[in-house]
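Single-structure report; data block below.
The values are calculated or read from the model by the stated rules, or taken from the named source; none is laboratory data. Because the structure is a prediction, the values reported are computed rather than measured. Glycine gets a Cβ as well: all are built from the backbone with ideal geometry, and neighbour counts include every protein chain shown. Accessible surface is based on the protein model in full, side chains and every heavy atom, while ligands, DNA and RNA are left aside. Shrake-Rupley method; radii C 1.70, N 1.55, O 1.52, S 1.80 Å.
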Amino acid sequence: MQRTMALARGWGRSAGLLVGLGLAGLVPAQAAADVCVTDDAEREVCLDAPARRIVALSPGVTELLFAAGAGERVVGAVSFSDYPPAAESLPRVGSYDRLDLEALLALEPDLVVAWAGGNPREQIDRLPTLGLPVYFSDAEDFAAIAASLERLGSLAGSEVEGHDAAARLRDEVAELRRRYADAAPVPVFYQVWEQPLMTVNGEHWISHALALCGGENLFADEAPLVPRIAREAVLARDPEVIVTGGMGKADSSWLEAWRAFPELTAVRRDNLFFIDPDLVQRATPRLVEGTRALCAHLETARGRR
């Protein structure tokens with residue numbers, strides 16, 4: 001596997017020789033301080049010591065780091081990194097889709113956590129050539145989110161906090177799975193964007209969250225993770241429920257547009273539901289909170305049958 005940081009090979013050979021001679025006690029503590037994890041791109045990321053200065057390259061990555069107990073070590077983030085509140089005051093290094101590399105380098109990070117599915121790859125690929133180790137984060141379901149908390153905690157020296165957060169997440173997901181194991185299925189259309197009209201396929205974490213509640217993603221069979229679709233396709237599949245996060249935490253205008261189609265089951269039964277996009281459109285522990293809200297909406301829809 002590719003390593004994202006050049007290690008001191010000469011030192012490694014010397015340390016191995018001392019161990020082989022039975023002189024392990026002469027090996028400085030630094031030899032045992034290497035921290036290695038495998039990131040979501042299946043790359044090995046190694047540091048010679050826990051990171052002390054971390055830059056996060058998506059709002060979701062910022063949340064993950066704080067949740068893993070590494071918040072005090074995050075020294076920079078991209079725009080819209082607004083949770084937890086402490087993240088709002090972090091220096092900015094551009095946006096997730098266009099980084100300010102000069103600002104990033106000025107922060108002198110010893111670890112950069114990138115968003116594999118959203119950051120510009122040509123910019124990310126430059127970072128290792130500048131001596132910066134990069135961890136790619138791209139969690140696609142609850143299990144991957146929990147694993148990310150553990151790995152990031154290891155890289156930041158906050159293993160206890162990271163493992164505790166992962167354990168809580170797994171317990172909460174297990175409880176939801178038990179609660180809705182026998183729930184009647186509900187056909188759902190989840191709207192990500194208006195122009196162009198976009199949804200998620202069955203591999204997206206939002207689709208996994210819906211499935212936990214007994215929701216059936218009507219566009220699960222689409223190839224792209226976030227496919228563009230025609231409005232006619234939604235009308236043809238006739239969802240029982242339409243859910244969207246809209247343009248922000250209090251903008252439900254996209255839902256109102258569907259009322260122009262009273263023939264839809266979702267419109268006829270008033271199953272048009274708004275949800276805070278930050279709770280479902282970021283792969284972080286708060287996805288559990290968003291999933292609880294989704295489950296409550298689907299229960300409402302069941303009650304209207």
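Of all residues in region 120-143, those satisfying the criterion of being assigned to a helix (DSSP H, G or I) and crowded, with 17+ Cβ neighbours inside 10 Å are Q123, I124, L127, F142. Within this structure, A283 passes the test of being of a type in the set (G, A, S), crowded, with 20+ Cβ neighbours inside 10 Å and touching a helix residue (DSSP H, G or I) at 6+ places or on another chain (Cβ under 9 Å).
If you go through region 160-197 and keep only what is assigned to a strand (DSSP E or B) and either open to solvent by 40 Å² or more (accessible area, probe 1.4 Å) or among the aromatic types (F, W, Y) (or both), you end up with F189, Y190, W193.
For beta carbons closer than 8 Å, sequence separation of 6+ or different chains, a first residue in region 93-110 that is under 16 Å from F136 (Cβ atoms) and a second that is open to solvent by 30 Å² or more (accessible area, probe 1.4 Å) and acidic (D, E), there are no qualifying pairs.
Being aliphatic (A, V, I, L, M), assigned to a loop (DSSP other than H, G, I, E, B), at pLDDT below 95 and open to solvent by 20 Å² or more (accessible area, probe 1.4 Å), is that true of even one residue in region 107-116? Yes, that holds for at least one residue.
Restricting to region 85-96, name every residue that is over 24 Å from E44 (Cα atoms) and open to solvent by 20 Å² or more (accessible area, probe 1.4 Å).
Within region 85-96, P85, A86, E88, S89, L90, P91, R92, G94, S95 meet the criteria.
Contact map, region 192-214: first residue charged (D, E, K, R), second residue modelled with pLDDT under 95, Cβ cut-off under 7 Å, separation 6 or more or different chains; pairs are E194/W254; E203/E140; E203/L225.
Would you point out the residue of region 67-84, among those that are outside any loop (DSSP other than H, G, I, E, B) and surrounded by fewer than 24 Cβ atoms within 10 Å (Cβ to Cβ), that is nearest to the chain's Cα centre (by Cα)?
G71
Checking the stated criteria, S58 turns out not to satisfy the condition of being over 19 Å from L155 (Cα atoms) and either open to solvent by less than 70 Å² (accessible area, probe 1.4 Å) or out of contact with any helix residue (DSSP H, G or I) (no Cβ under 8 Å at 6 or more places or on another chain) (or both).
Within region 256-280, being part of a helix (DSSP H, G or I), aliphatic (A, V, I, L, M) and over 30 Å from L64 (Cα atoms) holds for A257, A260, A266, V267. Here is the figure for region 203-243: residues that are closer than 20 Å to G118 by Cβ, of a type outside the set (D, E, K, R) and open to solvent by less than 60 Å² (accessible area, probe 1.4 Å) total 7. Select from region 33-55 the residues that are in a loop (DSSP other than H, G, I, E, B) and closer than 19 Å to G117 by Cβ and write down the one among them that is least open to solvent (accessible area, probe 1.4 Å). Here the answer is D39. Checking each residue in region 215-244 for being in contact with a His (Cβ under 8 Å, 6 or more places away or on another chain) and in contact (Cβ under 8 Å) with a residue 40 or more places away in the chain picks out L225, V241, V243.
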